[in-house]
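Structure first, then comments.
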Amino acid sequence: MGSTHGTRPQRATDGIRDRPPIRQGTGGTVMANPTFAAIDIGTTKVCTVVAEIIAGEIRILGTGVGPSAGLNKGMVDNIHAAIEAIASSVDKAERASGTRILSAHVGIAGPHVSSMNSRGIVAIADPRHPITDGDVQRALESARIVNIPNNREVIHVVPRYYVVDGQDHVVDPLGMFGSRLDVETHVVTAGSSAMHNLMQCVEGAGVRVDSLILEPLASAEAVVDQEELNQGVVLCDIGGGTTDLAVFVQGAVIHTAVLPVGGQNMTKDLVVALRVPQPAAEITKRKFGHAIPSMVEDDEVLVDAFGSEGTKSVRRRLIAEVLQARTEELFETVLSEIRRATQHDTLSAGLVLTGGASSLPGIELLAEDVIGLPARIGRPHHLAGLSDQLSDPAYSTSVGLLRMAMKSHDVMFRTAPLLPSASLGGLLRKVAHLMRLVLPQ
Ligand SMILES: Nc1ncnc2c1ncn2[C@@H]1O[C@H](COP(=O)(O)OP(=O)(O)OP(=O)(O)O)[C@@H](O)[C@H]1O
Ligand SMILES: [Mg+2]
């Protein structure tokens with residue numbers, strides 16, 4: 001399972017990069033410290049992180065961040081450009097960590113993702129024996145049989161809770177006695193072509209896909225704490241092209257969604273409202289932006305502009321007004337997603353905002369105002385190693401992918417034989433295992 005060491009598999013596929021080894025691998029022997037790689041292929045950046053696990057804790061070995069390309073609203077729209085961007089980020093991470101990345105856990109998002117709740121039911125063959133992992137797997141498999149069009153595929157079957165002979169909200173049925181096992185799950189599906197395009201890009205960059213993980217679930221793993229999960233919380237990752245949502249009630253996910261709006265829309269609004277080039281609008285947003293106009297001085301700032309003069313003076317409050325309008329609209333859409341999922345009184349912990357665009361000052365106050373729930377900014381923390389850069393909210397997904405990879409590793413060592421990793425079916429089963437461990441504690 002070690003994803004970064006060993007001999008690179010030979011591949012014959014056209015377009016697949018071949019990179020020279022950086023460090024001698026361990027030749028398939030079991031490593032003292034398991035090493036993992038994760039790739040977050042965002043709309044604005046690609047981030048590859050390599051980490052090892054020491055005494056149950058993640059230690060970052062190296063990070064490779066580069067600009068993204070070939071992606072729009074979280075979906076691949078130019079395979080060659082995306083392969084190049086991924087390869088460049090992987091190269092940087094390999095150099096930084098001194099390891100060779102053979103395979104990685106990869107985030108998936110985009111408006112093609114949708115989710116539903118589904119119940120699986122199985123009879124226990126011999127109620128005199130305790131419920132086994134095999135029974136749980138059968139229940140999950142039965143929940144996975146949902147009615148979806150044949151151009152969609154199931155990527156996650158997340159157990160929310162179990163019911164053993166009518167006893168509700170069982171967290172872990174293993175070892176219990178019963179004659180019937182039900183599992184309530186959250187099933188996430190993705191458009192087949194969007195999913196295969198993404199996998200093709202990663203493989204094209206010379207990296208095998210260990211698992212595909214829905215990005216808001218990964219981000220939640222990095223920044224939401226257990227008490228917030230228990231009391232009900234919404235994870236809201238506002239990236240460049242998408243806003244990823246995951247709604248948790250009583251410690252388990254009940255709704256996930258990916259909205260096609262993010263920080264790039266805020267920048268584009270500034271381009272139009274101020275009539276300035278995109279790079280200037282991006283700098284202006286990061287330097288002078290605020291989500292609450294009344295909280296900024298009404299002074300003027302100089303920004304690069306189109307036209308004969310090359311620069312222009314802009315009121316800071318106008319910048320904030322433009323950003324507020326877009327952000328307010330975004331939170332109204334988030335509010336309707338929340339209403340589709342649950343009632344406000346099940347979400348005592350409110351919202352955890354993360355993703356690069358959550359660095360906009362005042363954004364949590366605007367979220368509280370529009371959504372009517374408490375809000376805070378979530379940053380990845382508790383990381384050893386070279387982790388300073390990763391504590392920015394833009395890296396929540398990358399860190400969450402690593403955390404989920406770490407837990408899946410535990411599962412794979414507990415459940416022999418190992419599941420096949422090359423086939424998609426194997427991949428899905430691995431993810432189902434992984435999610436079982438991660439979420440419903
Ligand atoms: N200080 C800041 N103020 C406002 N916005 C910011 C700030 N810093 C970064 N951003 C915005 O964050 C966005 C990038 O966020 P992030 O890196 O999380 O996106 P991504 O993961 O590449 O994209 P996605 O998740 O949407 O596919 C950009 O639109 C950028 O303008
Ligand atoms: Mg992102």
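Pick out, in residue order, every one of the GluC sites (Glu not before Pro) in segment 237-305 that is DSSP loop and has at most 11 other C-beta atoms within 10 Å; say none if there are none. Walk me through the numbers on the way to the answer.
Numbers: sites: Glu282, Glu297, Glu300; in loops: Glu297.
Answer in residue order: Glu297.
In debye to the nearest 20, how big a dipole does segment 114-190 give about its Cα centre with +1 on each Lys and Arg Cβ and -1 on each Asp and Glu Cβ? Walk me through the numbers before you get to the answer.
Numbers: 7 positive and 10 negative charges, 43 e Å.
Here the size comes out at about 200 debye.
For the residue pair Ser114 and Asn33, what label-to-label distance in nm results when each label sits 7 Å from Cα along the Cα-to-beta-carbon direction?
About 4.5 nm, to one decimal.
Just subtract the alpha-carbon distance of Asp304 and Ala55 from 0.36 nm times their residue separation and send over the number in nm, one decimal. Kindly include the intermediate steps, with their values, before the conclusion.
Numbers: separation 249, 0.36 × 249 = 89.64 nm, distance 5.10 nm.
Additional length available on full extension: 84.5 nm.
In debye, nearest 20, what is the charge dipole magnitude of segment 338-379 about its Cα centre with +1 on Lys and Arg Cβ and -1 on Asp and Glu Cβ, if you could check? All intermediate terms of the calculation are to be shown ahead of the outcome.
On the way: 4 positive and 4 negative charges, 36 e Å.
The calculated dipole for segment 338-379 is roughly 180 debye.
Starting from the residue with the highest accessible area, list Asp388, Asp91, Asp299 in decreasing order, probe 1.4 Å.
Working: Asp388 135, Asp91 40, Asp299 65 Å².
Per-residue accessible area, sorted high to low, gives Asp388, Asp299, Asp91.
About its Cα centre, what dipole magnitude does segment 277-324 give when the only charges are +1 on Lys and Arg Cβ and -1 on Asp and Glu Cβ, stated in debye to the nearest 20?
Numbers: 7 positive and 8 negative charges, 30 e Å.
Dipole about the Cα centre, nearest 20: 140 debye.
Given a 1.4 Å probe and heavy atoms of the protein chains only, how would you sort His344, His105, His112, largest accessible area at the top? Intermediate results must be reported in sequence, preceding the final value.
On the way: His344 60, His105 0, His112 25 Å².
Sorted by accessible area, descending: His344, His112, His105.
By how many nm would the segment from Arg128 to Asp392 lengthen if fully extended, with 0.36 nm per residue of separation less the alpha-carbon distance? If you can, show how the numbers build up before the last one.
Working: separation 264, 0.36 × 264 = 95.04 nm, distance 5.18 nm.
Gain in length upon complete extension: 89.9 nm.
Using the structure shown, select from Lys287/Lys407; Lys92/Lys268; Lys92/Lys407; Lys73/Lys287; Lys45/Lys407; Lys268/Lys407 the pairs with a Cα to Cα distance greater than 28 angstrom. Write out the running numbers ahead of the final one.
Numbers: Lys287/Lys407 38 Å; Lys92/Lys268 30 Å; Lys92/Lys407 25 Å; Lys73/Lys287 24 Å; Lys45/Lys407 25 Å; Lys268/Lys407 39 Å.
Violating the 28 Å Cα-Cα cut-off are Lys287/Lys407; Lys92/Lys268; Lys268/Lys407.
If I model a spin label at Ile121 and Thr311 as a point 7 Å from the Cα along the Cα→Cβ vector, what separation in nanometres do I get?
In this crude label model, Ile121 to Thr311 measures out at 7.2 nm.
Ile254: net charge of surrounding residues, Cβ under 11 Å, Lys/Arg +1, Asp/Glu -1, itself excluded? List each step's numbers first, then the result.
Numbers: positive: Arg160, Arg340; negative: Glu184.
Combined, the nearby Lys, Arg, Asp and Glu give +1.
Using a 1.4 Å probe and ignoring any ligands, DNA or RNA, find the accessible area of Asp392 and quote it in Å² to the nearest 10.
Approximately 60 Å² of Asp392 is accessible to the 1.4 Å probe.
What translational diffusion coefficient, in µm²/s and rounded to a whole number, does the Stokes-Einstein relation yield for segment 114-190 at 20 °C and a viscosity of 1.002 mPa s, taking the hydrodynamic radius as the Kirkwood radius over Cα pairs?
On the way: Rh = 12.6 Å.
The calculation lands on 170 µm²/s.
Does anything in segment 119-136 have its amide N under 19 Å from the 7 Å Cα→Cβ label point of Ser179, and if so which residues?
121-132, 135-136, by backbone N distance to the label point.
Which order do you get for Met195, Met176 if you rank them by accessible area with a 1.4 Å probe, largest at the top? Show your work: numbers first, answer last.
Working: Met195 0, Met176 50 Å².
The ranking, largest first, comes out as Met176, Met195.
What number results when the radius of gyration of segment 122-166, computed over Cα atoms, is divided by 2.2 N^0.38 Å?
Working: Rg = 13.0 Å, N = 45, 2.2 N^0.38 = 9.3 Å.
So the Cα radius of gyration is 1.39 times the expected 2.2 N^0.38 Å.
When the Kirkwood hydrodynamic radius is evaluated over all pairs of different C-alpha atoms of segment 176-331, what value in angstrom, to one decimal, is obtained?
Details: mean 1/r = 0.0528 Å⁻¹.
Over segment 176-331, the inverse of the mean reciprocal pair distance is 18.9 Å.
Does a label point 7 Å from the Cα of Ser193, set along Cα-to-beta-carbon, have any residues of segment 78-117 with amide nitrogen under 15 Å, and which are they?
Only 78-79, 111-113 fall inside the zone, counting backbone N under 15 Å.
So how far, in whole Å, is the C-alpha centre of segment 343-409 from the one of segment 148-220?
Going from one Cα centre to the other spans 22 Å.
Note down the accessible area of Asp168, probe 1.4 Å, to the nearest 10 Å².
It works out to around 90 Å².
Enter the accessible area of Thr346 (Å², nearest 10), with the probe set to 1.4 Å and all protein chains included.
Roughly 40 Å² of Thr346 is accessible to a 1.4 Å probe.
The values are calculated or read from the model by the stated rules, or taken from the named source; none is laboratory data. Predicted model only: the values in this text are computed from it and were never measured. All Cβ positions, even for glycine, are placed from backbone atoms using ideal geometry, and neighbour counts span all protein chains on display. Heavy atoms of the whole protein, side chains included, go into the accessibility calculation; ligands, DNA and RNA do not. Shrake-Rupley method; radii C 1.70, N 1.55, O 1.52, S 1.80 Å.
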